[in-house]
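The values are calculated or read from the model by the stated rules, or taken from the named source; none is laboratory data. Given the structure is predicted, the values throughout are model-derived calculations rather than measurements. Heads up, the Cβs are rebuilt from the backbone with ideal geometry, glycines too, and the neighbour counts pull from every protein chain shown. Only protein heavy atoms, including side chains, enter the accessible area calculation; ligands, DNA and RNA are left aside. Shrake-Rupley method; radii C 1.70, N 1.55, O 1.52, S 1.80 Å.
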Amino acid sequence: MEQADYMREAISLAEKGMGFVSPNPMVGAVIVKDGKIIGKGWHKKYGDLHAERNAFADCDEKNIDCSGGDIYVSLEPCCHQGKTPPCTEAIIQHGIKRVFIGSPDPNPLVSGKGVNILRSHGIEVTENVLRDECDAINEIFFHYITTNKPFVTMKYAMSMDGKIACYTGESKWVTGEKARENVHRDRLRHAAIMVGVGTVLADDPMLTCRIEGGRDPYRIICDSGLRTPMDSQIVKTAGEIHTIIATAVSDTEKIKKYQQAGCWVIECGTDDSQKVDLIKLMDILGEHKIDSVLLEGGARLNWSALNSGIVNKVQAYIAPKLFGGERSKSPIGGRGVDFPDNAFMLEDSKIKNFGEDILIESRVRYVHGNS
């Protein structure tokens, strides 16, 4: 095996922590000695041991001496005391000779410091091993740790003629089973899922993650006028699943009913108190360590999110179907842009296949005039 193979193993281990380490990064570590992997570890849960310490624990359990060995880590080892001790300290104490790192850590508490500490103790450090692949698994963490705002992914499914529903409003199902399975994987990846009250009124969804062994994300309902039905599945299960209702309503008696049902009601109306201020909402979510939001809203909320500048990535699932219909809805409503030059620009597009359906993932690049 070569350096790239060991780092890919570390990446594979890191992804096992998806959905459980937020707002921390996903990290994997592999310890190698005499050309063989002798220890493996990953960050399994927020607050638990980091990947490096779990890899050393793996060696200890097997009574293997890892001194003089190498360690491959998908992210720069931490060098500060958090919920666990510094990983640089463990690397030094275990007599590791060489450290191979995938991504640098943008956390100001770590950035470059971890590498410097290791080198100051005579340890050879090689950086940027498969960096692009290592960066890709932690785009959420990198955004959150540098902005303190959630990474927002806008997801929608549409027919090949750009419709998210038929003229009757029917939308189940636009895409096939494999594409829908991937959506649930993304629900696990993100800390929260957000829809508008219109989706709740039309579909009465649960907004859960249906992956065995997974965990349900926070459910966020953008409900400016506080119209979410008390007998909706969302409200009835709010005592079991974290549920947030973002509203512009300040009526304490009306709010109290939702709070008694177990909802966390966030008042974040715009200055005219007519609708939810999405920028303010993201600030509040970030303060409460909600590092990512999967936006599964309708056309109106999608436009509001884009227009407010909170969207970081767009996921467009495209089914090989044609719905037609002048009144059939498209993924993004609202006023729209006035000139092509003011369009919301997408870049770094990637294409994946799920059965007969296609997923196009792109990053949003805001330009002057469209936010």
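Would you be able to tell me the number of residues in region 312-353 that are under 22 Å from Tyr167 (Cβ atoms), open to solvent by 40 Å² or more (accessible area, probe 1.4 Å) and hydroxyl-bearing (Ser, Thr, Tyr)?
1
Identify the single condition in (1) surrounded by 12 or more Cβ atoms within 10 Å (Cβ to Cβ); (2) under 18 Å from the mean Cα position of the chain (by Cα); (3) closer than 22 Å to Thr175 by Cβ; (4) among the small types (Gly, Ala, Ser) that Gly309 does not satisfy, given that it satisfies every other one.
For Gly309, the exception is condition (3).
Tally up the residues in region 242-261 that are open to solvent by 40 Å² or more (accessible area, probe 1.4 Å) and over 17 Å from Ala191 (Cβ atoms), please.
First, the residues of region 242-261 that are open to solvent by 40 Å² or more (accessible area, probe 1.4 Å): 242, 250-254, 256-257, 259-260.
Keeping just the survivors that are over 17 Å from Ala191 (Cβ atoms) gives 250-254, 256-257, 259-260.
Matching residues across region 242-261 total 9.
Among the numbered criteria (1) open to solvent by less than 20 Å² (accessible area, probe 1.4 Å); (2) assigned to a helix (DSSP H, G or I), which single criterion is violated by Trp303?
All conditions pass for Trp303, except number (1).
Can you say whether Ile117 is touching a strand residue (DSSP E or B) at 6+ places or on another chain (Cβ under 7 Å), surrounded by 15 or more Cβ atoms within 10 Å (Cβ to Cβ) and either outside any loop (DSSP other than H, G, I, E, B) or modelled with pLDDT of 95 or more (or both), as far as the supplied structure shows?
Working: touching a strand residue (DSSP E or B) at 6+ places or on another chain (Cβ under 7 Å): no; surrounded by 15 or more Cβ atoms within 10 Å (Cβ to Cβ): yes; either outside any loop (DSSP other than H, G, I, E, B) or modelled with pLDDT of 95 or more (or both): yes.
Judged against the criteria, Ile117 is not a match.
Pick from region 88-114 the residues that are among the charged types (D, E, K, R) and touching a residue at least 24 places away in the same chain (Cβ under 8 Å): which of them is least open to solvent (accessible area, probe 1.4 Å)? Let's see the steps before the verdict.
Restricting attention to region 88-114, the residues satisfying the condition of being among the charged types (D, E, K, R) are 89, 97-98, 105, 113.
From the residues that got through so far, the ones that are touching a residue at least 24 places away in the same chain (Cβ under 8 Å) too are 97-98, 105, 113.
On the way: Lys97: 127, Arg98: 82, Asp105: 11, Lys113: 97 Å².
The qualifying residue least open to solvent (accessible area, probe 1.4 Å) is Asp105.
Residue by residue through region 16-41, note down the ones that are of a type outside the set (Gly, Ala, Ser), within 24 Å of Arg210 (Cβ to Cβ) and either in contact with a Cys (Cβ under 8 Å, 6 or more places away or on another chain) or open to solvent by 50 Å² or more (accessible area, probe 1.4 Å) (or both).
Taking region 16-41 as the starting set, the residues that turn out to be of a type outside the set (Gly, Ala, Ser) are 16, 18, 20-21, 23-27, 30-34, 36-38, 40.
After this cut, where a residue has to be within 24 Å of Arg210 (Cβ to Cβ) as well, the list is 16, 18, 20-21, 23, 26.
Selection gives Lys16, Phe20.
So which residues in region 355-371 are of a type outside the set (Lys, Arg), modelled with pLDDT of 95 or more and either open to solvent by less than 40 Å² (accessible area, probe 1.4 Å) or farther than 20 Å from Lys163 by Cβ (or both)?
Asp357, Leu359, Glu361, Ser362, Val364
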